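Chemist: Take a look at this one; I'll ask things after.
The values are calculated or read from the model by the stated rules, or taken from the named source; none is laboratory data. Note that the coordinates shown come from a computational prediction; the quantities given were computed from them, not determined experimentally. Cβ sites come from the backbone with ideal geometry, for glycine too, and all protein chains shown count toward neighbours.
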Amino acid sequence: MPHQLWRRLYHVLMVCFLLAAALNMLHVRAGFLTSYLADLTVPALLYVVARKPAATGATSQWRIMCWLGRTPERAALAFFLASAATEVSQIFWPRGMFSGRFDPWDIAAYGVGLLGCYLLDVRRDASATCPAGS
């Protein structure tokens, strides 16, 4: 994926996330925007942040992000599993660190957001990786 497309995708996802966060903080009931927009955008935003250095040949100051972003499959799977784990934790600890009510549609939203980023990512011709030693 070209560098400019990564940048655009990052900005679009960030604006969507900030919109969802602002609406939730203001206690506005806006249906999809307050229920699922953040679930779509946060894992996808993390995917973009992790994959951009690897895909553009840049270096990342965070080794964990470089490791996670080394391949599209690793990034998508890691962020999906982490996101799903936070949702499933709500079954057992509804007032825990990730408080809330379990909603299987949240897990579907994580998958849809990550799948969109993954498909955009793997469509590019060259499979770049982080520089050796990262």
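Chemist: If residue 82 satisfies all but one of (1) within 24 Å of residue 13 (Cα to Cα); (2) surrounded by fewer than 16 Cβ atoms within 10 Å (Cβ to Cβ); (3) modelled with pLDDT under 95, what's the number of the condition it fails?
Modeler: Of the numbered conditions (1) within 24 Å of residue 13 (Cα to Cα); (2) surrounded by fewer than 16 Cβ atoms within 10 Å (Cβ to Cβ); (3) modelled with pLDDT under 95, the odd one out for residue 82 is (3).
Chemist: Given 43, 2, which one is surrounded by 12 or more Cβ atoms within 10 Å (Cβ to Cβ) and either at positive phi or touching a helix residue (DSSP H, G or I) at 6+ places or on another chain (Cβ under 9 Å) (or both)?
Modeler: The conditions single out 43.
Chemist: While we're here: Take the residues of the stretch 85-98 that are surrounded by fewer than 13 Cβ atoms within 10 Å (Cβ to Cβ) and assigned to a helix (DSSP H, G or I): which is farthest from the chain's Cα centre (by Cα)?
Modeler: Only one residue tops the list, namely 92.
Chemist: Hey, another quick one. Within the stretch 99-130, track down each residue that is exposed (fewer than 13 other Cβ atoms within 10 Å of the Cβ) and at pLDDT below 80.
Modeler: Hits for the stretch 99-130 are 99, 125, 126, 127.
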